[in-house]
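*Asks:* Sharing a structure below in C-alpha coordinates format, with a few things to ask.
The values are calculated or read from the model by the stated rules, or taken from the named source; none is laboratory data. Since the model is a prediction, treat every value here as computed from it, not as a measurement. Note: ideal-geometry Cβ built from the backbone for every residue, glycine included; neighbour counts use all protein chains shown.
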Amino acid sequence: MLHGLSHGNRHRITPINGTSTGDGSRCVSGETIDIAMIGLGTVGGGVVRMLARHGDEYTRRLGRPLRLRRVLVRNANRHRQSVNETFKDAGAQTIISADTITDDVDTFFSDASTSIMIEVAGGVDPAGDYVRRTLESGNHVVTANKSLLAARGIELFDTAARHNASLAFEASCAGGIPIVTSLLFGLAANRVSGLYGILNGTCNYILTQMTQHGTTYADALTQAQQLGFAEADPSLDVTGQDAAQKLAILAALAFGARTHERDVTVLGIDTLDLADIKFGAELGYDVKLLGIAERSETNGRMSLGVQPCFVHRDEPIAQIYGSFNAVSVYGDAVGHVMQMGRGAGQMPTASAVVSDLINIAAGWYPRAFAKVASSIASGGMPDVIHADELTARFYLRFNMRDEPGVMAKVATILGTADISISAALQHEQIVDGFVPVVVVTHNAKQGRLREALSRIEALDTIYASPVSIRIVDLPGG
(Lines give C-alpha, C1' and ligand atoms only; values in the text may rest on other atoms or scores of the structure.)
Protein backbone atom coordinates (compact mmCIF):
# COMPACT_ATOMS: atom_id res chain seq x y z
CA MET A 1 0.00 0.00 0.00
CA LEU A 2 1.30 3.46 -0.81
CA HIS A 3 2.19 5.54 2.24
CA GLY A 4 -0.42 8.09 3.20
CA LEU A 5 -3.27 6.46 1.27
CA SER A 6 -6.61 6.15 2.93
CA HIS A 7 -10.00 6.31 1.31
CA GLY A 8 -11.07 8.93 3.82
CA ASN A 9 -8.09 11.19 3.20
CA ARG A 10 -8.61 13.29 0.09
CA HIS A 11 -5.39 14.46 -1.56
CA ARG A 12 -5.63 17.24 -4.07
CA ILE A 13 -3.52 18.52 -6.91
CA THR A 14 -3.66 22.30 -7.14
CA PRO A 15 -5.57 23.30 -10.29
CA ILE A 16 -3.33 23.94 -13.26
CA ASN A 17 -2.19 27.40 -14.14
CA GLY A 18 -3.91 27.34 -17.50
CA THR A 19 -5.79 29.50 -19.93
CA SER A 20 -9.39 29.05 -20.93
CA THR A 21 -10.17 27.41 -24.25
CA GLY A 22 -13.51 29.20 -24.43
CA ASP A 23 -15.64 26.30 -23.24
CA GLY A 24 -14.52 26.17 -19.63
CA SER A 25 -11.71 23.66 -20.12
CA ARG A 26 -8.12 24.79 -19.77
CA CYS A 27 -4.97 24.35 -21.77
CA VAL A 28 -1.51 24.31 -20.25
CA SER A 29 0.51 27.52 -19.90
CA GLY A 30 3.77 28.54 -18.23
CA GLU A 31 7.47 28.40 -19.01
CA THR A 32 7.57 24.62 -18.59
CA ILE A 33 4.92 21.94 -18.82
CA ASP A 34 5.15 20.16 -15.48
CA ILE A 35 3.83 16.63 -15.30
CA ALA A 36 3.46 13.98 -12.62
CA MET A 37 3.35 10.23 -13.14
CA ILE A 38 1.97 7.34 -11.11
CA GLY A 39 3.84 4.11 -11.82
CA LEU A 40 7.36 3.37 -13.02
CA GLY A 41 6.97 -0.15 -14.33
CA THR A 42 7.13 -1.29 -17.94
CA VAL A 43 5.00 1.48 -19.44
CA GLY A 44 6.23 4.19 -17.06
CA GLY A 45 9.79 3.30 -17.97
CA GLY A 46 8.88 3.61 -21.63
CA VAL A 47 7.47 7.09 -21.02
CA VAL A 48 10.72 8.17 -19.36
CA ARG A 49 12.74 6.78 -22.28
CA MET A 50 10.64 8.66 -24.82
CA LEU A 51 10.92 11.93 -22.90
CA ALA A 52 14.70 11.45 -22.74
CA ARG A 53 15.21 10.44 -26.36
CA HIS A 54 12.87 12.92 -28.01
CA GLY A 55 12.64 15.73 -25.46
CA ASP A 56 14.26 18.28 -27.76
CA GLU A 57 11.78 17.47 -30.51
CA TYR A 58 8.85 17.77 -28.12
CA THR A 59 10.16 21.14 -26.95
CA ARG A 60 10.38 22.33 -30.54
CA ARG A 61 6.78 21.29 -31.20
CA LEU A 62 5.38 22.73 -28.00
CA GLY A 63 7.60 25.79 -27.59
CA ARG A 64 8.27 24.76 -23.97
CA PRO A 65 9.95 21.73 -22.38
CA LEU A 66 8.09 18.91 -20.68
CA ARG A 67 9.34 18.44 -17.12
CA LEU A 68 8.70 15.32 -15.03
CA ARG A 69 8.27 16.75 -11.53
CA ARG A 70 7.18 13.75 -9.48
CA VAL A 71 6.84 9.98 -9.87
CA LEU A 72 4.75 8.03 -7.35
CA VAL A 73 5.72 4.38 -6.79
CA ARG A 74 5.10 1.70 -4.17
CA ASN A 75 8.73 1.33 -3.09
CA ALA A 76 10.71 4.52 -3.55
CA ASN A 77 13.97 3.16 -2.14
CA ARG A 78 14.11 0.33 -4.65
CA HIS A 79 13.54 2.66 -7.60
CA ARG A 80 15.90 5.34 -6.29
CA GLN A 81 18.73 2.82 -6.02
CA SER A 82 18.23 1.53 -9.56
CA VAL A 83 17.07 4.60 -11.49
CA ASN A 84 20.46 5.61 -12.90
CA GLU A 85 21.32 2.07 -13.99
CA THR A 86 17.83 1.42 -15.40
CA PHE A 87 17.81 4.45 -17.67
CA LYS A 88 21.50 4.99 -18.42
CA ASP A 89 21.05 3.72 -22.01
CA ALA A 90 18.37 6.36 -22.62
CA GLY A 91 20.36 9.29 -21.25
CA ALA A 92 17.50 10.01 -18.87
CA GLN A 93 19.47 11.67 -16.09
CA THR A 94 17.99 15.04 -17.01
CA ILE A 95 14.45 13.58 -16.98
CA ILE A 96 14.35 11.52 -13.80
CA SER A 97 16.49 11.27 -10.67
CA ALA A 98 16.25 9.76 -7.22
CA ASP A 99 14.77 13.03 -5.95
CA THR A 100 11.93 12.78 -8.48
CA ILE A 101 10.68 9.50 -7.02
CA THR A 102 8.46 9.22 -3.95
CA ASP A 103 6.16 6.72 -2.31
CA ASP A 104 4.54 9.34 -0.09
CA VAL A 105 1.14 10.30 -1.41
CA ASP A 106 1.05 13.65 0.42
CA THR A 107 4.39 14.68 -1.08
CA PHE A 108 3.27 13.63 -4.54
CA PHE A 109 -0.01 15.54 -4.47
CA SER A 110 1.38 18.65 -2.79
CA ASP A 111 3.28 19.87 -5.87
CA ALA A 112 1.37 22.97 -6.98
CA SER A 113 3.06 23.23 -10.37
CA THR A 114 1.78 19.99 -11.85
CA SER A 115 -0.27 20.49 -15.01
CA ILE A 116 -0.93 16.95 -16.25
CA MET A 117 -0.94 13.62 -14.45
CA ILE A 118 0.00 10.34 -16.19
CA GLU A 119 -1.41 7.16 -14.63
CA VAL A 120 0.40 3.96 -15.70
CA ALA A 121 0.31 2.02 -12.42
CA GLY A 122 -2.53 -0.25 -13.49
CA GLY A 123 -5.31 -1.79 -11.44
CA VAL A 124 -8.56 -0.26 -10.26
CA ASP A 125 -7.55 0.79 -6.74
CA PRO A 126 -5.93 3.02 -5.61
CA ALA A 127 -5.36 4.30 -9.16
CA GLY A 128 -9.03 5.18 -9.57
CA ASP A 129 -9.00 7.40 -6.50
CA TYR A 130 -5.90 9.23 -7.72
CA VAL A 131 -7.41 9.83 -11.14
CA ARG A 132 -10.71 11.03 -9.69
CA ARG A 133 -9.01 13.46 -7.31
CA THR A 134 -6.85 14.83 -10.09
CA LEU A 135 -9.88 15.43 -12.30
CA GLU A 136 -11.77 17.05 -9.42
CA SER A 137 -8.94 19.57 -9.22
CA GLY A 138 -9.50 20.50 -12.86
CA ASN A 139 -6.27 18.85 -14.00
CA HIS A 140 -5.91 16.67 -17.07
CA VAL A 141 -5.16 12.94 -16.87
CA VAL A 142 -3.53 10.55 -19.34
CA THR A 143 -4.06 6.87 -18.55
CA ALA A 144 -3.16 3.52 -20.07
CA ASN A 145 -5.35 1.66 -17.59
CA LYS A 146 -8.05 -0.37 -19.37
CA SER A 147 -9.08 -2.18 -16.18
CA LEU A 148 -9.77 1.12 -14.46
CA LEU A 149 -11.79 2.56 -17.35
CA ALA A 150 -13.77 -0.66 -17.77
CA ALA A 151 -14.65 -0.75 -14.07
CA ARG A 152 -15.00 2.97 -13.23
CA GLY A 153 -14.96 4.73 -16.57
CA ILE A 154 -18.50 6.08 -16.35
CA GLU A 155 -17.78 7.61 -12.93
CA LEU A 156 -14.48 9.11 -14.11
CA PHE A 157 -15.97 10.52 -17.31
CA ASP A 158 -18.73 12.08 -15.18
CA THR A 159 -16.06 13.66 -12.98
CA ALA A 160 -14.05 14.93 -15.95
CA ALA A 161 -17.15 16.47 -17.51
CA ARG A 162 -18.17 18.25 -14.30
CA HIS A 163 -14.73 19.78 -13.84
CA ASN A 164 -13.97 20.60 -17.49
CA ALA A 165 -10.95 18.30 -17.44
CA SER A 166 -9.58 15.92 -20.03
CA LEU A 167 -9.31 12.18 -19.47
CA ALA A 168 -7.16 10.90 -22.35
CA PHE A 169 -6.92 7.15 -22.79
CA GLU A 170 -5.45 6.24 -26.19
CA ALA A 171 -3.05 3.69 -24.69
CA SER A 172 -5.80 1.80 -22.87
CA CYS A 173 -7.44 0.15 -25.87
CA ALA A 174 -4.97 -0.97 -28.52
CA GLY A 175 -1.47 -0.01 -27.44
CA GLY A 176 0.23 1.94 -30.20
CA ILE A 177 -2.77 1.89 -32.57
CA PRO A 178 -4.35 5.39 -32.53
CA ILE A 179 -7.93 4.10 -32.59
CA VAL A 180 -9.26 6.57 -30.01
CA THR A 181 -7.93 9.50 -32.01
CA SER A 182 -9.46 8.05 -35.17
CA LEU A 183 -12.90 7.69 -33.60
CA LEU A 184 -12.71 11.11 -31.99
CA PHE A 185 -11.37 13.09 -34.95
CA GLY A 186 -10.90 11.22 -38.23
CA LEU A 187 -14.30 9.52 -38.22
CA ALA A 188 -16.24 12.28 -36.47
CA ALA A 189 -18.41 12.88 -39.56
CA ASN A 190 -19.59 9.26 -39.62
CA ARG A 191 -22.27 7.36 -37.78
CA VAL A 192 -20.38 4.27 -36.68
CA SER A 193 -22.44 1.09 -36.82
CA GLY A 194 -19.75 -1.55 -36.35
CA LEU A 195 -16.36 -2.04 -34.73
CA TYR A 196 -14.40 -5.27 -35.14
CA GLY A 197 -11.13 -5.70 -33.28
CA ILE A 198 -8.29 -8.11 -32.69
CA LEU A 199 -7.66 -6.62 -29.28
CA ASN A 200 -5.36 -9.15 -27.64
CA GLY A 201 -1.95 -9.94 -29.11
CA THR A 202 -1.45 -13.02 -26.93
CA CYS A 203 -4.54 -14.70 -28.35
CA ASN A 204 -3.72 -13.65 -31.89
CA TYR A 205 -0.25 -15.17 -31.58
CA ILE A 206 -1.67 -18.45 -30.24
CA LEU A 207 -4.32 -18.66 -32.97
CA THR A 208 -1.72 -17.85 -35.64
CA GLN A 209 0.43 -20.77 -34.47
CA MET A 210 -2.57 -23.09 -34.46
CA THR A 211 -3.75 -21.94 -37.90
CA GLN A 212 -0.47 -21.74 -39.78
CA HIS A 213 1.55 -24.48 -38.12
CA GLY A 214 -1.01 -26.91 -36.71
CA THR A 215 0.30 -26.29 -33.19
CA THR A 216 -1.91 -27.42 -30.33
CA TYR A 217 -3.38 -24.78 -28.05
CA ALA A 218 -1.24 -25.92 -25.11
CA ASP A 219 1.99 -25.82 -27.12
CA ALA A 220 1.14 -22.44 -28.69
CA LEU A 221 0.45 -20.98 -25.24
CA THR A 222 3.79 -22.27 -23.97
CA GLN A 223 5.55 -20.64 -26.94
CA ALA A 224 3.76 -17.35 -26.24
CA GLN A 225 4.91 -17.45 -22.62
CA GLN A 226 8.50 -18.23 -23.61
CA LEU A 227 8.51 -15.25 -26.00
CA GLY A 228 7.03 -12.92 -23.40
CA PHE A 229 3.68 -12.50 -25.21
CA ALA A 230 1.75 -14.27 -22.44
CA GLU A 231 1.88 -13.94 -18.67
CA ALA A 232 2.65 -16.86 -16.37
CA ASP A 233 -1.08 -16.73 -15.57
CA PRO A 234 -2.62 -16.09 -19.00
CA SER A 235 -6.25 -16.33 -17.89
CA LEU A 236 -7.12 -12.65 -18.40
CA ASP A 237 -5.98 -12.95 -22.02
CA VAL A 238 -7.16 -16.40 -23.10
CA THR A 239 -10.59 -16.15 -21.47
CA GLY A 240 -11.32 -13.00 -23.47
CA GLN A 241 -11.65 -10.69 -20.45
CA ASP A 242 -8.80 -8.40 -21.52
CA ALA A 243 -10.41 -7.88 -24.93
CA ALA A 244 -13.82 -7.35 -23.29
CA GLN A 245 -12.48 -4.50 -21.16
CA LYS A 246 -11.05 -2.82 -24.25
CA LEU A 247 -14.23 -3.36 -26.26
CA ALA A 248 -16.37 -1.73 -23.57
CA ILE A 249 -14.20 1.40 -23.76
CA LEU A 250 -14.22 1.55 -27.56
CA ALA A 251 -17.97 0.97 -27.77
CA ALA A 252 -18.58 3.86 -25.37
CA LEU A 253 -16.53 6.11 -27.61
CA ALA A 254 -17.92 4.84 -30.92
CA PHE A 255 -21.58 4.89 -29.88
CA GLY A 256 -21.61 7.63 -27.22
CA ALA A 257 -23.15 5.20 -24.73
CA ARG A 258 -22.34 4.32 -21.14
CA THR A 259 -21.18 0.80 -21.95
CA HIS A 260 -19.62 -1.35 -19.25
CA GLU A 261 -17.60 -4.55 -19.26
CA ARG A 262 -20.63 -6.40 -17.89
CA ASP A 263 -22.50 -5.58 -21.12
CA VAL A 264 -20.05 -7.70 -23.14
CA THR A 265 -20.72 -11.40 -23.79
CA VAL A 266 -17.37 -13.18 -23.51
CA LEU A 267 -15.98 -16.51 -24.73
CA GLY A 268 -12.25 -17.20 -24.80
CA ILE A 269 -9.97 -19.32 -26.95
CA ASP A 270 -9.06 -21.84 -24.25
CA THR A 271 -11.70 -24.34 -25.40
CA LEU A 272 -10.87 -24.24 -29.12
CA ASP A 273 -10.12 -27.55 -30.83
CA LEU A 274 -7.42 -27.70 -33.49
CA ALA A 275 -9.74 -29.89 -35.58
CA ASP A 276 -12.19 -27.00 -36.00
CA ILE A 277 -9.43 -24.64 -37.11
CA LYS A 278 -8.43 -27.16 -39.78
CA PHE A 279 -12.02 -27.70 -40.96
CA GLY A 280 -12.56 -23.94 -41.05
CA ALA A 281 -9.46 -23.53 -43.21
CA GLU A 282 -10.90 -26.01 -45.71
CA LEU A 283 -13.97 -23.80 -45.96
CA GLY A 284 -11.87 -20.67 -46.53
CA TYR A 285 -11.91 -19.26 -43.00
CA ASP A 286 -9.31 -18.26 -40.42
CA VAL A 287 -10.19 -18.07 -36.73
CA LYS A 288 -9.71 -14.83 -34.79
CA LEU A 289 -10.64 -13.75 -31.30
CA LEU A 290 -12.75 -10.73 -32.22
CA GLY A 291 -14.22 -8.01 -30.10
CA ILE A 292 -17.38 -6.97 -31.93
CA ALA A 293 -19.56 -3.94 -31.22
CA GLU A 294 -22.50 -3.44 -33.57
CA ARG A 295 -25.38 -0.98 -33.56
CA SER A 296 -28.62 -1.46 -35.47
CA GLU A 297 -29.38 1.27 -37.98
CA THR A 298 -33.12 0.73 -37.48
CA ASN A 299 -33.57 0.73 -33.70
CA GLY A 300 -30.16 1.67 -32.30
CA ARG A 301 -29.85 -1.51 -30.23
CA MET A 302 -26.31 -2.78 -29.67
CA SER A 303 -24.60 -6.13 -29.51
CA LEU A 304 -21.28 -6.41 -27.68
CA GLY A 305 -19.28 -9.62 -27.69
CA VAL A 306 -15.82 -11.16 -27.58
CA GLN A 307 -15.47 -14.67 -28.98
CA PRO A 308 -13.49 -16.83 -31.41
CA CYS A 309 -14.96 -16.24 -34.86
CA PHE A 310 -14.37 -17.52 -38.35
CA VAL A 311 -13.55 -14.74 -40.83
CA HIS A 312 -13.08 -15.36 -44.54
CA ARG A 313 -9.38 -15.29 -45.26
CA ASP A 314 -9.87 -12.64 -47.96
CA GLU A 315 -10.94 -10.10 -45.33
CA PRO A 316 -8.08 -7.76 -44.33
CA ILE A 317 -8.64 -8.39 -40.62
CA ALA A 318 -8.20 -12.13 -41.18
CA GLN A 319 -4.69 -11.43 -42.45
CA ILE A 320 -3.41 -9.98 -39.16
CA TYR A 321 -1.02 -12.53 -37.70
CA GLY A 322 1.33 -13.00 -34.78
CA SER A 323 1.11 -10.65 -31.81
CA PHE A 324 -0.30 -7.75 -33.85
CA ASN A 325 -3.64 -6.12 -33.11
CA ALA A 326 -6.09 -4.53 -35.53
CA VAL A 327 -9.33 -2.56 -35.36
CA SER A 328 -11.75 -2.19 -38.26
CA VAL A 329 -14.43 0.49 -37.92
CA TYR A 330 -17.46 0.75 -40.21
CA GLY A 331 -18.81 4.26 -40.77
CA ASP A 332 -21.84 5.08 -42.87
CA ALA A 333 -19.91 7.41 -45.18
CA VAL A 334 -16.40 6.00 -45.24
CA GLY A 335 -17.13 2.27 -45.06
CA HIS A 336 -14.44 0.15 -43.41
CA VAL A 337 -11.28 1.75 -42.06
CA MET A 338 -8.75 -0.64 -40.52
CA GLN A 339 -5.67 0.11 -38.44
CA MET A 340 -3.13 -2.46 -37.31
CA GLY A 341 -0.01 -2.41 -35.18
CA ARG A 342 1.53 -3.46 -31.91
CA GLY A 343 -1.21 -3.61 -29.33
CA ALA A 344 1.01 -4.03 -26.30
CA GLY A 345 4.58 -3.78 -25.11
CA GLN A 346 6.61 -1.05 -23.47
CA MET A 347 7.30 1.34 -26.32
CA PRO A 348 4.06 1.02 -28.36
CA THR A 349 2.03 1.74 -25.22
CA ALA A 350 4.36 4.53 -24.13
CA SER A 351 4.02 6.01 -27.61
CA ALA A 352 0.27 6.38 -27.12
CA VAL A 353 0.70 7.83 -23.62
CA VAL A 354 3.22 10.45 -24.71
CA SER A 355 1.12 11.32 -27.77
CA ASP A 356 -1.83 12.11 -25.49
CA LEU A 357 0.50 14.10 -23.25
CA ILE A 358 1.80 16.20 -26.15
CA ASN A 359 -1.64 16.84 -27.58
CA ILE A 360 -3.00 17.99 -24.22
CA ALA A 361 0.04 20.17 -23.59
CA ALA A 362 -0.34 21.74 -27.03
CA GLY A 363 -3.95 22.64 -26.29
CA TRP A 364 -5.38 20.35 -28.98
CA TYR A 365 -6.98 17.78 -26.69
CA PRO A 366 -8.34 19.59 -23.63
CA ARG A 367 -11.47 20.71 -25.44
CA ALA A 368 -11.85 17.46 -27.38
CA PHE A 369 -11.49 15.13 -24.42
CA ALA A 370 -13.62 17.36 -22.22
CA LYS A 371 -16.31 17.07 -24.89
CA VAL A 372 -16.00 13.28 -25.21
CA ALA A 373 -16.17 12.95 -21.43
CA SER A 374 -19.31 15.08 -21.42
CA SER A 375 -20.81 13.06 -24.30
CA ILE A 376 -20.24 9.71 -22.61
CA ALA A 377 -21.31 11.04 -19.22
CA SER A 378 -24.59 12.34 -20.66
CA GLY A 379 -25.21 9.31 -22.86
CA GLY A 380 -27.99 6.90 -21.99
CA MET A 381 -27.54 3.40 -20.69
CA PRO A 382 -26.94 1.13 -23.70
CA ASP A 383 -29.77 -0.97 -25.06
CA VAL A 384 -27.73 -4.15 -25.47
CA ILE A 385 -29.42 -7.20 -26.95
CA HIS A 386 -29.12 -10.56 -25.22
CA ALA A 387 -26.68 -12.93 -26.90
CA ASP A 388 -29.60 -15.22 -27.81
CA GLU A 389 -31.03 -12.47 -30.03
CA LEU A 390 -27.87 -12.24 -32.13
CA THR A 391 -28.37 -13.21 -35.78
CA ALA A 392 -25.39 -14.62 -37.65
CA ARG A 393 -24.10 -17.52 -39.70
CA PHE A 394 -22.52 -20.37 -37.79
CA TYR A 395 -20.02 -23.17 -38.25
CA LEU A 396 -21.22 -26.37 -36.58
CA ARG A 397 -19.41 -29.67 -36.01
CA PHE A 398 -21.08 -32.90 -34.96
CA ASN A 399 -19.55 -36.29 -34.20
CA MET A 400 -22.19 -38.57 -35.70
CA ARG A 401 -22.60 -42.31 -35.63
CA ASP A 402 -21.73 -43.69 -39.06
CA GLU A 403 -25.15 -45.03 -39.98
CA PRO A 404 -28.00 -43.99 -42.31
CA GLY A 405 -30.51 -41.34 -41.26
CA VAL A 406 -28.44 -39.52 -38.63
CA MET A 407 -27.80 -36.44 -40.75
CA ALA A 408 -31.48 -36.32 -41.66
CA LYS A 409 -32.42 -36.18 -37.96
CA VAL A 410 -29.95 -33.36 -37.37
CA ALA A 411 -31.24 -31.42 -40.38
CA THR A 412 -34.82 -31.86 -39.18
CA ILE A 413 -34.06 -30.47 -35.73
CA LEU A 414 -32.24 -27.51 -37.25
CA GLY A 415 -35.11 -26.94 -39.67
CA THR A 416 -37.72 -26.82 -36.91
CA ALA A 417 -35.63 -24.03 -35.36
CA ASP A 418 -35.68 -22.09 -38.66
CA ILE A 419 -32.00 -22.86 -39.27
CA SER A 420 -31.10 -23.78 -42.83
CA ILE A 421 -27.86 -25.36 -44.05
CA SER A 422 -25.77 -23.63 -46.70
CA ALA A 423 -22.83 -26.06 -46.86
CA ALA A 424 -21.59 -29.32 -45.36
CA LEU A 425 -18.22 -31.04 -45.11
CA GLN A 426 -17.47 -34.64 -44.18
CA HIS A 427 -14.31 -36.74 -44.15
CA GLU A 428 -14.16 -40.50 -43.83
CA GLN A 429 -12.41 -40.27 -40.47
CA ILE A 430 -14.35 -42.90 -38.56
CA VAL A 431 -13.26 -43.23 -34.92
CA ASP A 432 -15.08 -45.77 -32.73
CA GLY A 433 -17.97 -45.72 -35.17
CA PHE A 434 -18.35 -41.91 -35.23
CA VAL A 435 -17.48 -39.46 -38.00
CA PRO A 436 -17.08 -35.65 -37.81
CA VAL A 437 -19.56 -33.72 -39.94
CA VAL A 438 -19.26 -29.96 -40.42
CA VAL A 439 -22.22 -27.75 -41.31
CA VAL A 440 -22.36 -24.06 -42.21
CA THR A 441 -25.71 -22.37 -41.61
CA HIS A 442 -27.45 -19.42 -43.16
CA ASN A 443 -28.29 -16.56 -40.79
CA ALA A 444 -29.88 -17.87 -37.60
CA LYS A 445 -30.83 -16.61 -34.15
CA GLN A 446 -28.20 -17.73 -31.67
CA GLY A 447 -30.81 -18.61 -29.05
CA ARG A 448 -32.71 -20.86 -31.45
CA LEU A 449 -29.44 -22.49 -32.44
CA ARG A 450 -28.51 -23.12 -28.81
CA GLU A 451 -31.83 -24.85 -28.19
CA ALA A 452 -31.47 -26.95 -31.34
CA LEU A 453 -27.93 -28.02 -30.43
CA SER A 454 -29.15 -29.10 -27.01
CA ARG A 455 -31.73 -31.37 -28.67
CA ILE A 456 -29.16 -32.72 -31.11
CA GLU A 457 -26.70 -33.49 -28.31
CA ALA A 458 -29.38 -35.62 -26.65
CA LEU A 459 -29.55 -37.99 -29.65
CA ASP A 460 -27.91 -41.35 -28.98
CA THR A 461 -26.31 -41.14 -32.42
CA ILE A 462 -24.30 -38.04 -31.45
CA TYR A 463 -21.04 -38.31 -29.51
CA ALA A 464 -19.88 -35.37 -27.36
CA SER A 465 -21.21 -31.83 -27.44
CA PRO A 466 -21.67 -30.15 -30.84
CA VAL A 467 -19.27 -27.29 -31.60
CA SER A 468 -20.59 -23.87 -32.64
CA ILE A 469 -18.43 -20.98 -33.91
CA ARG A 470 -19.81 -17.71 -35.24
CA ILE A 471 -18.96 -16.73 -38.81
CA VAL A 472 -18.47 -12.97 -39.14
CA ASP A 473 -19.56 -11.28 -42.35
CA LEU A 474 -18.27 -7.73 -42.19
CA PRO A 475 -20.68 -5.09 -43.53
CA GLY A 476 -19.89 -3.54 -46.87
CA GLY A 477 -17.99 -6.62 -48.01
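*Asks:* Could you grab me the full set of residues in the range 205-236 that are assigned to a loop (DSSP other than H, G, I, E, B) and not aliphatic (A, V, I, L, M)?
*Replies:* Of everything in the range 205-236, those that are assigned to a loop (DSSP other than H, G, I, E, B) and not aliphatic (A, V, I, L, M) turn out to be G214, T215, T216, G228, F229, E231, D233, P234.
*Asks:* I'd like to verify a number: residues in the range 455-473 that are in a loop (DSSP other than H, G, I, E, B), exposed (fewer than 13 other Cβ atoms within 10 Å of the Cβ) and among the hydrophobic types (A, V, I, L, M, F, W, C), how many?
*Replies:* So the answer is 1.
*Asks:* While we're looking at this one, here's another question. Just the residues that are out of contact with any strand residue (DSSP E or B) (no Cβ under 6 Å at 6 or more places or on another chain) and hydroxyl-bearing (S, T, Y), please, taken from the range 307-355.
*Replies:* Across the range 307-355, the qualifying residues are Y321, S323, T349, S351, S355.
*Asks:* Quick check: is even one residue across the range 146-161 in contact with a helix residue (DSSP H, G or I) (Cβ under 9 Å, 6 or more places away or on another chain) and not in a helix (DSSP H, G or I)? Lay out the reasoning, then the answer.
*Replies:* Keep residues of the range 146-161 that are in contact with a helix residue (DSSP H, G or I) (Cβ under 9 Å, 6 or more places away or on another chain), which gives 146-161.
Retained after the next criterion (residues that are not in a helix (DSSP H, G or I)): none.
Within the range 146-161 (the criterion being in contact with a helix residue (DSSP H, G or I) (Cβ under 9 Å, 6 or more places away or on another chain) and not in a helix (DSSP H, G or I)), the answer is no, since none of the residues qualifies.
*Asks:* Next question, about the same structure. When you scan the range 145-155, how many residues do you find that are touching a strand residue (DSSP E or B) at 6+ places or on another chain (Cβ under 9 Å) and either within 13 Å of N325 (Cβ to Cβ) or surrounded by fewer than 24 Cβ atoms within 10 Å (Cβ to Cβ) (or both)?
*Replies:* 0
*Asks:* So which of R53, R80 is within 31 Å of the chain's Cα centre (by Cα) and either part of a helix (DSSP H, G or I) or at pLDDT 95 or above (or both)? I'd like the intermediate steps shown before the answer.
*Replies:* On the way: R80 fails: within 31 Å of the chain's Cα centre (by Cα).
Answer to the check: R53.
*Asks:* Moving on. Looking only at strands (runs of 3 or more DSSP E) that fall completely inside the range 289-344, which ones have 1 or more residues that are free of Cβ contacts under 8 Å to residues at least 24 places away in the same chain?
*Replies:* By residue number, 335-342.
*Asks:* From T134, T114, grab the single residue that is buried (at least 21 other Cβ atoms within 10 Å of the Cβ) and in a loop (DSSP other than H, G, I, E, B).
*Replies:* T114
*Asks:* While we're on this one: Working only within the range 213-229, note down all residues that are surrounded by 13 or more Cβ atoms within 10 Å (Cβ to Cβ) and closer than 15 Å to F324 by Cβ.
*Replies:* Scanning the range 213-229 gives A224, F229.
*Asks:* Next question, about the same structure. Hey, among the residues in the range 93-109 that are charged (D, E, K, R) and not in a helix (DSSP H, G or I), which one's surrounded by the fewest Cβ atoms within 10 Å (Cβ to Cβ)?
*Replies:* D104
*Asks:* Another one. Output the number of the condition that G138 fails; it satisfies all remaining conditions of (1) in the same structural domain as I277 (by TED's automatic domain parsing); (2) at pLDDT below 95; (3) of a type in the set (G, A, S).
*Replies:* Going through (1) in the same structural domain as I277 (by TED's automatic domain parsing); (2) at pLDDT below 95; (3) of a type in the set (G, A, S) one by one, G138 breaks only (1).
*Asks:* Condition first: assigned by TED's automatic domain parsing to the domain that holds E155, more than 20 Å from A160 (Cβ to Cβ), without any contact (Cβ under 8 Å) to a residue 24 or more places away in the chain and of a type in the set (D, E, K, R). Can you find one or more residues in the range 45-54 that meet it?
*Replies:* no
*Asks:* Is one or more of the residues making up the range 165-180 closer than 29 Å to S465 by Cα, touching a strand residue (DSSP E or B) at 6+ places or on another chain (Cβ under 6 Å) and surrounded by 22 or more Cβ atoms within 10 Å (Cβ to Cβ)?
*Replies:* No - not one qualifying residue is present in the range 165-180.
*Asks:* D276: among the acidic types (D, E), in contact with a strand residue (DSSP E or B) (Cβ under 7 Å, 6 or more places away or on another chain), part of a helix (DSSP H, G or I) and touching a residue at least 12 places away in the same chain (Cβ under 8 Å), yes or no?
*Replies:* yes
*Asks:* Of all the residues that make up the range 253-280, how many are touching a Pro at 6+ places or on another chain (Cβ under 9 Å), under 11 Å from M210 (Cβ atoms) and surrounded by fewer than 19 Cβ atoms within 10 Å (Cβ to Cβ)?
*Replies:* Within the range 253-280, residues that are touching a Pro at 6+ places or on another chain (Cβ under 9 Å), under 11 Å from M210 (Cβ atoms) and surrounded by fewer than 19 Cβ atoms within 10 Å (Cβ to Cβ) number 1.
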